[in-house]
Amino acid sequence: METPFIEALVILNISVSLKMTLMLIIMCVLLLCSAIISGAETALFSLTPVQIAEIKHIKTAGSKGVIKLIENPKLLLATLLIANNFVNISIVILSSYVTAHLPLEHPVLVLFIQVVLVTLLILLVGEVIPKIIAQRYAFVLSQFIARPVLFIRQLLYPFSMLLVSTTAIIDRKIIKKGIDISAREFSEAIEMSSEHESTTDEERKMLKGIAKFSDIEVKEIMKARTDVVSVDDIIKESGYSRIPVYKETFDNIIGILYVKDLLQYLEMDNTFEWKKLVRPAFFVPENKKIDDLLKEFQTKKTHLSVVVDEYGGTSGIITLEDVIEEIVGEINDEFDVNEPVYEKIDEKTYIFEAKTSLNDFCKILEIDDAIFDEVRGEADSLGGLILELNGKIPARNHSTRIKNFNFVIDTVDKRRIKKIKVIIDA
């Protein structure tokens, strides 16, 4: 009677051992799957624009798979998240089963294995280590892993699409539409892409103009009041088609006179009431972003705006042409006179007009327009920058150093700085 019973116990014990071994093997396989999925996520989403451009030129199954996957990043992310969560939950369930059949009596030890040890294994083996490796070898691993991920995407497609659809509703309801990318990140992406693609200097400058467009304020590109032609000046000599009209002082602009409105009255005598032709002026603050101004120009169907400071005084004017030039570069018509704002002495020495905007100064020297952000304060011109740093109008030959730029006063009078010599250190 005892022998069959003992034999049954032995068989049962072997059966349990085999089951435990099988469970541990399945856990190891799932842990490997978790590592592969985590690595795939990091590798595919770490690809730079340059690497993607290179992959497009590689005609292999892996490279084609990468392109297919990154064409729909939301579906890709949903697929990987669902797969990874499914695998990790399976590991937790199996670990609980294995722990329950271990000869452990102390509940703290059971809790340690189920919570601490299993969590640590999932984090290290299934998340951290594969992501570190994938980050470093993203280019190679993304092509290696593409086809298995495509298979998983097809397998989980209904669940992934459900998740994507749900998040799309949240996007529309809560998240503001648009791409949250800084101008500097966009500029860096342009630089990286231009190294591997046939992008001309002109196209690159235009793309950079678009990247910085939303960060530029009106006061950075407006024509200062000292350079504005008003009705008090001679219309014929100015060559402008829209001219501000003011009463008593330039701070009291009452409207804009369109020269085309005067054409039909050319033969009229001096008694003609031309003031009836003055159209209402469109006023904007100095700190208005030019992308918002462009929309208002389109809405109001106007081409010129008067820029006012915080006290209501006239700072200058800005035109639609000024705004467009920030993207496409200088636009010259048959009436434009190219007045040089700088003179190049040699590769390291220039003489600039003090009224040159810091924005234009950086464009001419092809430097980052954020280089003076820490010291510029409220200054928008080269002369304004020197005044901001010195607190007064400096004397001729006075030198001001900012980083590797040495600004020397070349021409000055009692009222303002006129010309500045710029010496660039190597």
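Given the conditions (1) exposed (fewer than 13 other Cβ atoms within 10 Å of the Cβ); (2) out of contact with any Gly (no Cβ under 9 Å at 6 or more places or on another chain); (3) farther than 17 Å from I345 by Cα, and given that D425 satisfies all but one, which numbered condition is not satisfied?
(3)
Tell me which residues, restricted to region 286-318, are on the phi < 0 side of the Ramachandran plot and either without any contact (Cβ under 8 Å) to a residue 12 or more places away in the chain or out of contact with any helix residue (DSSP H, G or I) (no Cβ under 9 Å at 6 or more places or on another chain) (or both).
Residues satisfying the conditions are D292, K295, E296, Q298, T299, K300, V306, V308, E310, Y311.
Which one of L47, L102, L120 is on the phi < 0 side of the Ramachandran plot and in a helix (DSSP H, G or I)?
After ruling out the rest, the residue left standing is L120.
If you scan region 271-322, which residues turn out to be assigned to a helix (DSSP H, G or I) and among the hydrophobic types (A, V, I, L, M, F, W, C)?
Taking region 271-322 and keeping what is assigned to a helix (DSSP H, G or I), we get 274-277, 290-300, 320-322.
Residues satisfying the conditions are W274, L277, I290, L293, L294, F297, L320.
Are any of the residues in region 365-380 assigned to a strand (DSSP E or B) and modelled with pLDDT of 80 or more?
Looking through region 365-380, none of the residues is assigned to a strand (DSSP E or B) and modelled with pLDDT of 80 or more.
Considering only region 137-151, I want to know if a residue exists there that is modelled with pLDDT of 85 or more, more than 25 Å from the chain's Cα centre (by Cα) and exposed (fewer than 12 other Cβ atoms within 10 Å of the Cβ).
Yes, region 137-151 contains a residue that is modelled with pLDDT of 85 or more, more than 25 Å from the chain's Cα centre (by Cα) and exposed (fewer than 12 other Cβ atoms within 10 Å of the Cβ).
Quick check on K418: is it within 20 Å of K344 (Cβ to Cβ) and either out of contact with any strand residue (DSSP E or B) (no Cβ under 8 Å at 6 or more places or on another chain) or of a type in the set (D, E, K, R) (or both)? Steps first, answer last, please.
Working: within 20 Å of K344 (Cβ to Cβ): yes; either out of contact with any strand residue (DSSP E or B) (no Cβ under 8 Å at 6 or more places or on another chain) or of a type in the set (D, E, K, R) (or both): yes.
The answer is yes for K418.
Can you tell me which residue in region 381-426 is farthest from E366 (Cα to Cα), limited to those that are in a strand (DSSP E or B) and touching a Pro at 6+ places or on another chain (Cβ under 9 Å)?
For region 381-426, the residue satisfying everything is V412.
Every residue, every condition in (1) closer than 15 Å to S357 by Cβ; (2) acidic (D, E); (3) under 30 Å from the mean Cα position of the chain (by Cα), yes or no:
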site: V375; (1), (2), (3): no, no, yes
site: G391; (1), (2), (3): no, no, no
site: R396; (1), (2), (3): no, no, no
site: T400; (1), (2), (3): no, no, no
site: V408; (1), (2), (3): no, no, no
site: T411; (1), (2), (3): no, no, no
site: V422; (1), (2), (3): yes, no, no
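Any residue at all in region 139-151 that is farther than 15 Å from L44 by Cα and in a helix (DSSP H, G or I)?
Yes.
Give me the residue from region 350-364 that is outside any helix (DSSP H, G or I) and not β-branched (V, I, T) and, out of that set, surrounded by the fewest Cβ atoms within 10 Å (Cβ to Cβ). Talk me through it step by step, then tell me what you get.
Start the filter on region 350-364 by keeping residues that are outside any helix (DSSP H, G or I), which leaves 350-357.
Those left that are additionally not β-branched (V, I, T): 350, 352-355, 357.
Details: Y350: 18, F352: 23, E353: 20, A354: 22, K355: 20, S357: 20.
Filtering first and then ranking leaves Y350.
The values are calculated or read from the model by the stated rules, or taken from the named source; none is laboratory data. Here the structure is a predicted model, which is why all the values come from computation and not from measurement. Counting neighbours? That spans all protein chains shown, and the Cβs are built from the backbone with ideal geometry, glycine included.
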